[in-house]
Amino acid sequence: MNKKLEDYLDKIDHYLKPMPASERIDIVKEIKSELSELELQNNLTAEEIMDKLGNPKELAKAYLSDSLSKAHTFHWRHLGSVIAFYSLTGISGMFILPVISTLTIAFLIFAIISPIAGFIKLAGSLLGFDVAYIMFQIGAYTASPIAAFFLSIVTGLLFFLASQGLWKLLMSYIRTVSHIKQTL
Amino acid sequence: MDIEDWKSQIKRGTLEFGILSMIAGQERYGYEIILELSKWPILAAKESTVYPLLRRLLKEEYLSSYWMETTEGLPPRKYYSITDKGKHYLAAMNMEWNNLLQAISEIREGEA
């Protein structure tokens with residue numbers, strides 16, 4: 001294949017960087033297939049071929065933003081919905097995303113620390129000394145070391161489930177937002 | 001809005017329908033589709049439109065694809081075929097298209 005066309009393909013590959021590697025490889029492979037066909041069957045020159053397919057950056061952008069690139073004509077309504085979308089996601093993005101993701105991580109950490117703490121308390125009591133700063137307490141009720149250990153496993157599990165639930169919430173939020181963005 | 005804007009709106013609305021109908025009739029690869037579409041100026045579209053559209057239809061599972069070796073010493077080609085989900089989608093589009101034609105036809109008759 002003509003060196004110019006190889007360079008053309010390299011440029012497209014470069015501009016497709018935001019995409020996962022497997023998709024990038026497939027896209028370039030498909031374009032390369034057409035380039036070869038135009039070169040070998042239609043006998044077009046490299047310049048004619050690059051002219052036909054257009055600027056490699058524009059071609060890559062067309063892949064990256066398939067739905068947004070369809071809006072070639074300007075509509076006030078479209079502008080309105082784009083502004084609404086980015087305002088909503090901007091505000092929610094400033095609060096919802098950071099809060100949920102922080103909580104998810106925090107809950108996961110609690111889920112790990114809780115049974116560890118319970119184990120330390122139990123191990124301490126079995127070895128004969130009281131680990132005073134670790135306790136399982138709800139209101140006036142303080143659990144014995146053995147009860148505390150089992151309860152700590154329960155709370156650890158609850159925190160773990162909560163973190164998984166929050167994670168799913170975060171993912172479905174992101175998916176919904178992306179889906180809405182695609183329909184703009 | 002002038003006639004060129006309107007034409008590109010029409011194209012944007014119907015290209016997906018045209019391409020799915022084409023592929024439903026016969027499995028095709030990208031460049032073949034572009035060539036076929038170029039027969040009709042109102043539907044003619046460039047690589048930067050057709051390939052991303054095919055990719056989207058693939059992601060939405062209306063199409064499936066496979067690479068096929070060619071015999072003429074050319075590199076392999078990515079062929080597209082329509083899925084069951086795609087066939088249902090196409091059937092729905094066909095129905096809406098007929099509704100549209102019916103509506104326009106009645107409106108125009110009313111004008112006569």
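Values in this text are rule-based calculations from the coordinates and carry no lab data. Since this is a predicted model, take the numbers as computed values, not measurements. Glycine also receives a Cβ, built like all others from the backbone with ideal geometry; neighbour counts cover every protein chain displayed.
Within region A:86-134, report the chymotrypsin sites (Phe, Trp or Tyr not before Pro) that DSSP leaves as loop and that have at most 11 other Cβ atoms within 10 Å.
Within region A:86-134, the qualifying chymotrypsin sites (Phe, Trp or Tyr not before Pro) (loop, at most 11 other Cβ atoms within 10 Å) are A:Phe129, A:Tyr133.
I need the Debye-formula profile for chain B: one equal scatterer per C-alpha, no solvent, reported as log10 I(q)/I(0) at q = 0.11 1/Å, two decimals.
Those come out to -0.43, one per q.
Please enumerate, by chain and number, the aspartates and glutamates with C-alpha under 12 Å from the C-alpha of A:Lys29, excluding those fewer than 8 residues away in the same chain.
Reachable aspartates and glutamates: A:Glu6, A:Asp10, A:Asp13.
If you take the charge dipole of the protein assembly as shown about its Cα centre, with +1 on Lys and Arg Cβ and -1 on Asp and Glu Cβ, which of A:Val82, A:Ala21, A:Phe110 is farthest toward its positive end?
Farthest along the dipole direction, towards plus: A:Phe110.
Among the complete DSSP H segments of chain A, which ones combine at least 30 Å of alpha-carbon extent along their axis with a mean Kyte-Doolittle hydropathy of -0.5 or more?
Going by DSSP H runs, the hits are A:76-127, A:145-183.
Enter the per residue convex hull volume of region A:30-69, computed from alpha-carbon coordinates, in Å³ rounded to the nearest integer.
Hull volume over Cα atoms, normalised by residue count, gives 67 Å³.
What three numbers, in Å, describe the spread of the alpha carbons of chain A along their principal axes, ordered from the longest?
89, 44, 19
Where does helix B:47-59 land angle-wise versus the long Cα axis of chain B, in degrees 0 to 90, nearest 10?
For B:47-59 against chain B, the angle is about 80 degrees.
Suppose each label sits 7 Å from its Cα in the direction of the beta carbon; what would the A:Ser92-A:Tyr173 distance come out to in nanometres?
0.8 nm
With +1 assigned to the C-beta of every Lys and Arg and -1 to the C-beta of every Asp and Glu, and no other charges, what is the dipole magnitude of the protein assembly as shown about the Cα centre in debye, to the nearest 20?
1040 debye
B:Lys7: which aspartates and glutamates have alpha carbons under 19 Å from its alpha carbon, excluding same-chain residues fewer than 8 sequence positions away?
Here the aspartates and glutamates satisfying the reach criterion relative to B:Lys7 are B:Glu16, B:Glu36, B:Glu47.
Helix B:3-25 against the longest principal axis of chain B: what's the angle in degrees, Cα atoms only, rounded to the nearest 10?
Value to nearest ten degrees: 50.
Treating only the Cβ atoms of Lys and Arg (+1) and Asp and Glu (-1) as charged, compute the dipole magnitude of region B:5-112 about its Cα centre; round to the nearest 20 debye.
300 debye
Pairs A:Lys57/A:Lys181; A:Lys4/B:Lys11; A:Lys57/B:Lys78: which are spaced more than 28 Å apart, C-alpha to C-alpha?
A:Lys4/B:Lys11, as the Cα separations exceed 28 Å there.
What base-10 log of the normalised intensity I(q)/I(0) is obtained for region A:84-184 from the Debye formula, alpha carbons as equal point scatterers, at q = 0.13, 0.20 Å⁻¹?
Taking Cα atoms of region A:84-184 as identical point scatterers yields -0.60, -0.93.
Just how large is the dipole of region A:28-184 about the Cα centre, in debye to the nearest 20, putting +1 at every Lys and Arg Cβ and -1 at every Asp and Glu Cβ?
Dipole magnitude for region A:28-184 comes out near 660 debye.
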